[in-house]
Structures are given as structure tokens and as C-alpha cells.
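Chemist: Dumping the structure here so I can ask a few things about it.
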Ligand code: SF4
């Protein structure tokens with residue numbers, strides 16, 4: 001499939017579906033007919049012109065500054081694949097060694113918000129979107145609430161959180177929702193027995209599935225918070241994913257949940273995942289997506305490749321990742337890790353020549369058995385099949 005340089009520069013994609021081609025641009029998705037595309041998979045000039053005139057190649061200006069803050073680098077769970085671990089637990093238990101523990105304080109919040117104000121002014125942005133991140137952010141509920149409350153004076157427009165949800169009480173959900181938290185991303189590691197073997201309490205190795213779904217259900221009763229459910233996929237839980245979907249559909253309200261599947265990777269800490277990104281895995285992902293849709297979950301519509309607001313711009317032009325002690329990282333995956341800092345909220349970013357080696361982006365640190373073209377083919381195949389199904393069922 002070939003696109004010209006201008007189309008590639010805005011992240012456009014051209015995918016072969018079962019009955020037609022799909023064009024994904026920053027301005028939206030278009031269903032193409034065979035006549036729009038050559039047998040070799042290139043856009044014909046007329047189709048190219050129509051797509052451009054319809055605004056599908058138009059990019060939109062960045063509207064909000066994207067600030068990620070780790071409120072606690074510690075976590076109460078002991079997931080073996082966590083990219084914040086340093087190694088596997090040498091005893092085979094639930095306590096893999098982690099990066100150093102720090103916790104967001106009131107004084108650091110002051111520095112984070114002053115830094116944010118300077119960064120937003122430098123690019124003329126007036127709106128702020130915050131991601132509460134960890135470790136487990138709810139190990140520091142006071143830090144989460146104080147940051148959101150004080151960020152109101154700095155243009156806070158919306159906020160979300162990535163949490164394991166084991167510590168989420170209804171009272172806390174109500175407070176977070178009232179302060180603008182609109183969604184929480186929560187991970188499941190396969191069906192209940194697999195999840196309870198993999199996503200375990202650090203203290204005693206106990207399972208967490210029941211606690212998580214109970215907390216989601218209770219929080220949903222007292223807040224408008226939406227849920228983004230990430231389903232991790234590995235050889236450890238592959239066979240149970242179909243069962244998980246049926247179970248989740250009864251344990252939570254699918255109408256409030258967006259669901260996605262992610263093959264778990266290894267950042268070099270010895271977590272093995274043997275699943276290859278082959279056609280069989282792509283077909284299985286597609287089957288799960290269709291079932292999730294039929295059960296009432298939302299599955300996000302595929303889109304063009306987008307530049308990450310934080311790691312996609314050297315020097316943190318449109319966003320920043322701040323660890324709990326105020327150090328800056330280029331990306332979630334290096335936040336809080338010694339030797340990966342690219343500055344601090346008090347002194348700003350270090351010079352580019354100093355940070356070049358440490359400026360990594362989303363997924364850069366993950367190690368896969370498959371090469372980049374194989375990963376791209378896998379993603380394209382899953383996304384095309386999803387677009388086919390959304391179209392077939394009138395959901396597009
Ligand atoms: S819950 Fe998240 S932060 Fe905690 S160990 Fe698991 S993956 Fe890491």
C-alpha cells in the first residue's frame with residue numbers, strides 16, 4: 001500500500017478491507033472503492049484529490065497541554081511484566097524489585113503547576129488535560145485530589161487516570177469525578193483465574209479480579225466516570241480471553257466501557273511472551289473485538305497514526321511527563337527511572353544534546369520477536385477487520 005510523502009507526513013494509512021479499501025487520515029476515515037486504488041495498492045489521482053478536498057488530510061491544531069503526573073511511583077500490585085520493575089522476583093513471588101519510591105507532595109505540586117504555566121504560555125495553550133499516573137496513583141489519593149483541585153486555576157479542562165482500581169472507593173470516585181476526572185483506564189490480565197494468577201497483590205500474592213470489578217461497579221453508581229478497559233494478552237491468558245469478555249459483560253456496565261486488547265511486551269526485565277504477531281493472532285484479536293461490540297462495549301475506531309503529545313516533540317512542546325519528585329521524563333515508560341530524566345520542573349528541560357539518548361517514545365523500549373513490518377501488518381490487519389465489522393453492523 002503506498003501513499004505519497006504528504007499523506008505519510010500526516011500519519012495517513014491505507015488498509016485493504018475484505019470488500020473495499022479504507023483510508024484513515026487525520027480528518028477522518030473514508031471507505032474507498034476498487035476504482036479508487038490501483039491493483040498495486042496506490043491511490044489513484046482522482047481519489048487523492050477527493051480525499052484532500054473532503055478534509056481527510058487536514059490536521060487540527062493542538063488544543064490542550066497534556067500533563068502526566070506520577071502521584072506515587074510505588075504500587076500495591078506485583079505484576080511480573082510491569083515496565084517499572086527492575087527484574088523478576090528472584091523468589092518467584094509477588095514482589096519484583098521496582099524503581100525507587102517517591103510520592104507527590106504539596107510543594108512539588110506547586111513546582112509542577114508553575115512549570116506547566118510556563119510551558120503552556122510558551123506555546124499559547126490555555127487548556128490543560130491531566131493524566132494521573134503511577135505506580136498506583138491511588139496510593140496517594142491526597143496528591144491526586146490536591147493536584148486536580150489546584151490545576152483548576154491553570155486551565156484544567158479534563159483529566160483521566162491509569163489505575164489498577166483496587167483502591168478505588170465510591171467516596172474517592174465521587175471526589176475525583178467532581179474535580180473533573182472523566183475516565184479511568186483499568187487493566188485485566190485474562191479471565192478471572194488467569195487474572196488472579198498474574199495481576200496479584202504485592203503483599204500476599206492474592207488475586208484482584210473481584211475487587212476491581214466491585215470497585216468499578218460501585219464507582220459507576222456515584223460518578224459519571226467512564227472506563228477504558230485494557231485487556232492484556234499473553235500466552236499465559238490467551239485461552240481465557242473469550243471467557244473474560246462474557247464475564248466482564250455481566251460484572252460491569254458495557255455501555256460505560258471502552259475496551260481494547262494489547263499484547264504484553266517486555267522492556268528488558270525478563271518477562272517472556274511467546275505470542276507472535278501472525279495472521280492467527282490478528283484473526284483472534286478481530287474475533288474478540290467483534291464479540292466485545294456485540295456485548296455492548298465500545299471498541300475505539302481505528303485512526304491515522306498520531307504524534308504523541310508528550311514524547312513526540314523533543315523538549316516537551318505540547319506536554320510533559322513528571323515523576324512524583326518533579327523530575328521530567330520523555331515518556332511514561334521512563335518516568336521515575338534513574339538515569340532517564342530529561343530535566344526537572346524547577347529547572348526545565350536539559351539541553352537537547354544532553355537528553356538525545358534518553359528521549360524515547362511510546363513503545364521504543366519494548367522488545368518483540370517480530371520485526372517492524374510484521375508489527376505494522378498485524379496492526380493494519382486488525383484495524384481493517386474492525387472497520388469492516390463496524391461498517392457491516394452500521395456502527396461506523
Ligand atoms: S498495577 Fe500497574 S504499576 Fe502496578 S505493578 Fe501492575 S502494571 Fe505495574
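Every number here is computed from the coordinates shown, using simple stated rules; none is lab data. No experiment lies behind these values; they were computed from the predicted model shown. Cβ coordinates were reconstructed from backbone atoms using ideal geometry, including for glycine residues, and neighbour counts include every protein chain displayed.
Chemist: Once both labels are modelled 7 Å past Cα along the beta-carbon direction, what's the residue 204-residue 63 spacing in nm?
Modeler: 4.7
Chemist: Further, regarding this structure: DSSP beta bridges in the chain, what fraction antiparallel, as a percent rounded to 5? Before the final figure, lay out the partial values.
Modeler: Details: 20 of 55 bridges.
Of all bridge pairs located within the chain, approximately 35 percent are antiparallel.
Chemist: Now a separate question. Compute the Cα gyration tensor for the stretch 123-203, then decide on rounded, prolate or oblate, letting a ≥ b ≥ c be the square roots of its eigenvalues: rounded whenever a/c is under 1.5, prolate when a/b is larger than b/c in the other cases, and oblate in all that remain. Before the final figure, lay out the partial values.
Modeler: Values: a/c = 2.69, a/b = 2.11, b/c = 1.27.
Taking the square roots of the gyration eigenvalues as a ≥ b ≥ c, the stretch 123-203 is prolate.
Chemist: Another question, if that's okay. Inverting the mean 1/r over all pairs of different Cα atoms, compute the Kirkwood radius of the stretch 240-396 and quote it in Å.
Modeler: 18.2
Chemist: How big is the Kirkwood radius of the chain, worked out from every pair of different alpha carbons and given in Å to one decimal?
Modeler: 22.4
Chemist: Right, another one. So, in Å, what gap is there between the alpha-carbon centers of the stretch 1-45 and the stretch 298-336?
Modeler: Spelled out, the Cα-based centre of one part sits 28 Å from the other.
Chemist: Just the Kirkwood number for the stretch 158-285, please: inverse of mean 1/r across all distinct Cα pairs, in Å, one decimal.
Modeler: Result for the stretch 158-285, one decimal place: 15.5 Å.
Chemist: Run the numbers for residue 150 and residue 242: contour at 0.36 nm per residue of separation, minus the present Cα-Cα distance, in nm.
Modeler: 28.8 nm
Chemist: Which value does Rg/Rh take for the stretch 342-396 over its C-alpha atoms, Rh per Kirkwood?
Modeler: Computed over Cα atoms, the ratio is 1.29.
Chemist: Could you work out the per residue convex hull volume over the alpha carbons of the stretch 21-158, in cubic angstrom?
Modeler: Value for the stretch 21-158: 187 Å³ per residue.
Chemist: Here is a further query. Kindly give Rg over Rh for the stretch 247-328, based on alpha-carbon atoms, with the Kirkwood expression for the hydrodynamic radius.
Modeler: 1.07
Chemist: How many nm separate the modelled label positions at residue 40 and residue 376, each set 7 Å beyond the Cα in the direction of the Cβ?
Modeler: For residue 40 paired with residue 376, the spin-label model returns 1.6 nm.
Chemist: Can you give me the distance in nm between label points at residue 218 and residue 262, each placed 7 Å from the Cα along the Cα-to-Cβ direction?
Modeler: Placing both labels 7 Å beyond Cα along the Cβ direction yields 2.6 nm.
Chemist: State, as an integer percentage, the relative contact order of the stretch 90-206 based on alpha-carbon contacts under 8 Å between residues 6 or more apart.
Modeler: Value for the stretch 90-206: 27 percent.
Chemist: For the chain, what does -39500 (n - 2.57) per DSSP helix run (n ≥ 4), summed and divided by total residues, give at 222 nm, in deg cm²/dmol to the nearest 500?
Modeler: Values: 11 runs with 125 residues, N = 396.
Theoretical 222 nm ellipticity from helices: -9500 deg cm²/dmol.
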